[in-house]
Amino acid sequence: MKRLLLLPGYLEDGTIFDTLRPLLPPAAVEVIELEPALDQWRPRGAVSAVTLARYLAERHGIGPADVVVGHSMGGWIAAHIKAQTGAAAVLLSSFTDQHKVVARARNPLLLGLYAWSGLGRSRWLRERAKRTYLFEESRELYGQLADSMARHPRRHVHRQLQVLFAPVPPLGVLPELRVHALADNVVRPPDEPFLEIPGDHFAHYYYPALVAAAIREVMS
C-alpha cells in the first residue's frame with residue numbers, strides 16, 4: 001500500500017489538513033510535522049529546500065512508492081523530495097518557482113532580522129494582519145495561524161524563511177499535480193497546467209472533496 005505523506009506550509013502544522021485527510025484514499029497517511037523535524041535537524045551546510053528535502057527523505061524513508069502532498073511551502077519541499085527520491089508530488093497552493101511567492105522582502109539579512117527580532121510575534125502586527133485580511137471564507141483559519149506566530153521559536157521561523165527563499169538550482173522534474181485558486185494572494189498561480197479550484201490560499205481546506213478526488217487520480 002502506498003504511503004501518503006502530508007507536508008504543512010510555512011508555520012503551519014498538521015491541522016491544515018483536517019478537512020482533507022478524512023477524504024483521502026485508503027493508505028498509510030502520515031503528517032510530517034515540520035517544527036519537531038527542524039528542531040532535531042543539525043544541518044552541516046546551508047539551509048534550503050534542497051537540504052531540508054534530503055533530511056526529511058532520510059528521516060521518513062521516502063522513496064518512489066510514496067506520494068507527498070504539500071501545502072504552500074510544504075509543496076515546495078515536496079517537489080524537491082520528488083527530485084531526490086522519485087516520490088510523487090502533489091502541490092496545493094504552492095510553487096516550483098520562488099518568484100511566485102508574494103513577499104515584501106527576500107534579502108537573507110532582512111529575513112534573519114525579522115525572524116530573530118521576534119517582530120512577527122508582536123501582538124500589534126498580528127492583530128493588524130487579521131484586520132486587513134481580505135478573504136472572509138478563511139478569516140478564522142488565518143487568524144489562528146497569525147496567533148500561532150507567538151509560540152514559534154525564532155530559530156524555527158528563521159529556518160522556514162531560509163527554506164522559502166534560499167537560492168537553489170532549478171528543479172529538473174515536474175510534480176504530478178498542482179492545485180491552485182486564482183484568488184490566492186500568497187502564491188501566484190503557476191505558469192504550468194494546474195487544477196483550478198475556488199477559494200484562496202487555503203482552498204484545499206474549504207473544498208477538500210475536489211482536492212481529494214484529484215489526489216485519488218494521482219494515486220491510482
Do we find a residue being among the polar types (S, T, N, Q), over 27 Å from Ala46 (Cα atoms) and at pLDDT below 95 anywhere in the range 132-139?
yes
By my count, strands (runs of 3 or more DSSP E) wholly in the range 1-83 with at least 1 residues that are over 20 Å from Glu217 (Cα atoms) and among the basic types (Lys, Arg) are none
The range 26-45, residues that are more than 16 Å from Leu92 (Cβ to Cβ) and in contact with a helix residue (DSSP H, G or I) (Cβ under 8 Å, 6 or more places away or on another chain):
Ala27, Glu30, Glu33, Glu35, Ala37, Leu38, Asp39, Trp41, Pro43, Gly45
Does Asp147 qualify as being charged (D, E, K, R), in contact with a helix residue (DSSP H, G or I) (Cβ under 9 Å, 6 or more places away or on another chain), within 28 Å of Val211 (Cα to Cα) and crowded, with 16+ Cβ neighbours inside 10 Å?
no
Filter the range 100-144 for residues that are under 17 Å from Val186 (Cα atoms) and of a type in the set (Asp, Glu); the one that is surrounded by the most Cβ atoms within 10 Å (Cβ to Cβ) is Glu137
Can you name every residue in the range 159-209 that is farther than 20 Å from Glu12 by Cβ and of a type in the set (A, V, I, L, M, F, W, C)?
Val168, Leu171, Val173, Leu174, Leu182, Phe194, Leu195, Ala209
Filter the range 1-30 down to the residues that are in contact with a Phe, Trp or Tyr (Cβ under 8 Å, 6 or more places away or on another chain) and surrounded by fewer than 17 Cβ atoms within 10 Å (Cβ to Cβ) and list them by number.
Asp18
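Each row is one residue, and each column tells you yes or no for (1) in contact with a Leu (Cβ under 8 Å, 6 or more places away or on another chain); (2) modelled with pLDDT under 95; (3) closer than 25 Å to Pro193 by Cβ; (4) not basic (Lys, Arg).
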{"site": "Thr51", "(1), (2), (3), (4)": "no, no, no, yes"}
{"site": "Gly61", "(1), (2), (3), (4)": "no, no, no, yes"}
{"site": "Val68", "(1), (2), (3), (4)": "yes, no, yes, yes"}
{"site": "His71", "(1), (2), (3), (4)": "yes, no, yes, yes"}
{"site": "Gly74", "(1), (2), (3), (4)": "yes, no, yes, yes"}
{"site": "Thr85", "(1), (2), (3), (4)": "no, no, yes, yes"}
{"site": "Phe95", "(1), (2), (3), (4)": "no, no, yes, yes"}
{"site": "Asn107", "(1), (2), (3), (4)": "no, yes, no, yes"}
Among the numbered criteria (1) crowded, with 16+ Cβ neighbours inside 10 Å; (2) touching a residue at least 24 places away in the same chain (Cβ under 8 Å); (3) within 16 Å of the chain's Cα centre (by Cα), which single criterion is violated by Arg188?
(1)
Among the candidates Pro175, Pro153, Pro169, residue that is surrounded by 21 or more Cβ atoms within 10 Å (Cβ to Cβ) and touching a residue at least 40 places away in the same chain (Cβ under 8 Å)
Pro175
Which pairs turn up if I take residues in the range 20-49 that are without any contact (Cβ under 8 Å) to a residue 24 or more places away in the chain and under 23 Å from Phe165 (Cβ atoms) and look for partners that are in a helix (DSSP H, G or I) and of a type outside the set (Ser, Thr, Tyr) with beta carbon separation below 7 Å, at least 6 apart in sequence or on another chain?
Ala37/Leu56; Ala37/Arg59
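The values are calculated or read from the model by the stated rules, or taken from the named source; none is laboratory data. As the structure is a computational prediction, the values presented were derived from the model and not from experiment. Every residue, glycine as well, gets a Cβ built from its backbone with ideal geometry; the counts of neighbours run over all protein chains shown.
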